[in-house]
Amino acid sequence: MSTSGENNESSTGNQARTLVEWIKHTSVGFLSEEELKKEPVNVLRKTVDEAQGSFRGTVTTISLFTELSKVITVDPLGPEAFGECVHDLIIIHNPFSGPKIYVSVSIESPERNQPLGTCFGNLNAITGETISNCLENSGQDLELNTPNVTIKLTYLVSP
């Protein structure tokens, strides 16, 4: 997974990388070579909204406008790979440090009236599996006509 634009940082962790590479390997001949070269989750734009007033320094929302490759949207293991990629993004974009950080994750698509998935929990307890379970529990899927999703990460530091 990579980001482009302002951030231009790579964020694929080992679990995500291993799963994505396996999916790409098994998709040779099924997906185009161009599609296989794409990053699974490409961050096109990032915005940061920091809370003001008494919550200043304790709440930050990061919105990542992303493009998903067919490796994520077509393969049966795509939701699991997507979950691992989102987990990597959660870790990389965390603006805080310390043990009591909570994160709310909302995955939204302009094609759907409701989020593709949401979850909230202690940063250390959220995993790629947590994210893929959120997608599964929402009854939504990643098969989109336009493979763009916004991943909203709201971080909260607890006293």
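The values are calculated or read from the model by the stated rules, or taken from the named source; none is laboratory data. Note that the structure is a prediction, hence the values are computed from the model and not measured. With ideal geometry, Cβ positions are generated from the backbone for all residues, glycine too; neighbour counts draw on all protein chains shown.
Within region 68-107, the set of residues being touching a residue at least 40 places away in the same chain (Cβ under 8 Å), over 18 Å from residue 124 (Cβ atoms) and either surrounded by fewer than 17 Cβ atoms within 10 Å (Cβ to Cβ) or among the aliphatic types (A, V, I, L, M) (or both) comprises 68, 71, 72, 74, 77, 81, 107. Among the residues of region 131-157, those that are in contact with a strand residue (DSSP E or B) (Cβ under 7 Å, 6 or more places away or on another chain) and either modelled with pLDDT under 90 or over 26 Å from residue 60 (Cβ atoms) (or both) comprise 134, 135, 138, 140, 142, 147. Only a single item in (1) at pLDDT below 90; (2) under 12 Å from the mean Cα position of the chain (by Cα) is not met by residue 99, and it is number (2).
Results for (1) modelled with pLDDT of 80 or more; (2) under 18 Å from the mean Cα position of the chain (by Cα), shown as yes or no for each residue.
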| site | (1), (2) |
| --- | --- |
| 7 | no, yes |
| 12 | no, yes |
| 15 | no, yes |
| 22 | no, no |
| 37 | yes, no |
| 57 | yes, no |
| 66 | yes, yes |
| 76 | yes, yes |
| 80 | yes, yes |
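Selection of region 11-49 for residues being free of Cβ contacts under 8 Å to residues at least 24 places away in the same chain and part of a strand (DSSP E or B) yields 28, 47, 49. Identification of helices (runs of 4 or more DSSP H) wholly contained in region 52-159 with 3 or more residues that are acidic (Asp, Glu) yields 78-92.
Results for (1) crowded, with 18+ Cβ neighbours inside 10 Å; (2) among the hydrophobic types (A, V, I, L, M, F, W, C); (3) within 15 Å of the chain's Cα centre (by Cα), shown as yes or no for each residue.
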| site | (1), (2), (3) |
| --- | --- |
| 109 | yes, no, yes |
| 117 | yes, no, yes |
| 121 | no, no, no |
| 128 | yes, no, yes |
| 135 | yes, yes, yes |
| 138 | no, no, no |
| 142 | yes, yes, yes |
| 147 | yes, no, yes |
| 156 | yes, yes, no |
